[in-house]
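Let me begin by presenting the structure, written as structure tokens, before commenting on it.
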Amino acid sequence: MVHIGANGCTETSVNGREIVVNRTLAAPRELVFQTWTDPAHLPHWWGPKGFTITVQEIDVRPGGEWRYIMHGPDGTDYENRILYREVVHPEKLVYSHGDGGEEESFRVTVTFAEQGEETRLTMRMLFNSAEELKQAVEEYGAVEGAGSTLDRLEERLADVISEQAKQA
């Protein structure tokens, strides 16, 4: 499955219990990793188009947590909790994602592969069961949401690169 967003192409596959999303971003790996982990950047892009977030806390280290509230375009608030399992700066993040409770909904592995001045981002979302994956895809639009979120990430990266160029 391919999502053509405003800025680029997101390749997505759904297989068994896993969604795999790939996107090449026109930004250096260090900047992509920073934009993915810095609370100053996250509210500008995290989540599908039309959603916003409020970061409650973020501690990007193994055992650290990221708690945030995602605000839907219809005004619904969604509690979110991410527990970091592995952090290899600037190459890899592994985290459990849940709804604010203790049980994980799915585990995410994000890799940031350097490709010259670009970054190949791969996000693997492993669900507890094929049924939970099916629900995420059919009821919550997980595939479309991932593409939209990466569109917003790419927009944020372009803004940051533009700001840096003006300051140079």
The Rg/Rh figure for the stretch 83-140, Cα atoms and Kirkwood Rh, to two decimals is 1.06
How big is the C-alpha Rg of the stretch 102-168 next to the rule-of-thumb value 2.2 N^0.38 Å, as a ratio? 1.47
Selected from Gly50, Gly98, Gly72 as most flexible by GNM, with the chain as the system and alpha-carbon contacts under 10 Å: Gly50
Cα centroid separation, the stretch 52-117 to the stretch 8-37 (Å): 14
Suppose R0 equals 25 Å. What FRET efficiency, 1/(1 + (r/R0)^6) with r the Cβ-Cβ distance, do Gln167 and Ile58 give to the nearest 0.05? 0.50
Report, in debye and to the nearest 20, how large the dipole of the stretch 4-61 comes out about its Cα centre when Lys and Arg carry +1 and Asp and Glu carry -1 on their Cβ. 160
extent check for the stretch 14-68: Cα max minus min per principal axis, descending, whole Å, gives 33, 30, 28
Based on Cα coordinates alone, diagonalise the gyration tensor for the chain, multiply each eigenvalue by 5, take square roots, and list the semi-axes in whole Å, largest first. 24, 18, 17
Under a GNM of the chain (C-alpha, springs under 10 Å), which listed residue has the highest mean-square fluctuation: Ala27, Ala40, Ala142? Ala40
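Using the Cα centre of the chain as the reference point, and only Cβ charges (+1 on K/R, -1 on D/E), how large is the resulting charge dipole? Debye, rounded to the nearest 20.
Here the chain has a charge dipole of around 360 debye.
Computed from the coordinates by the stated procedures, all read-outs in this text should not be read as laboratory data. Because the structure is predicted, anything quoted here is derived from the model rather than measured. Quick reminder, even Gly has a Cβ in these numbers, built from the backbone with ideal geometry, and neighbours come from all protein chains shown.
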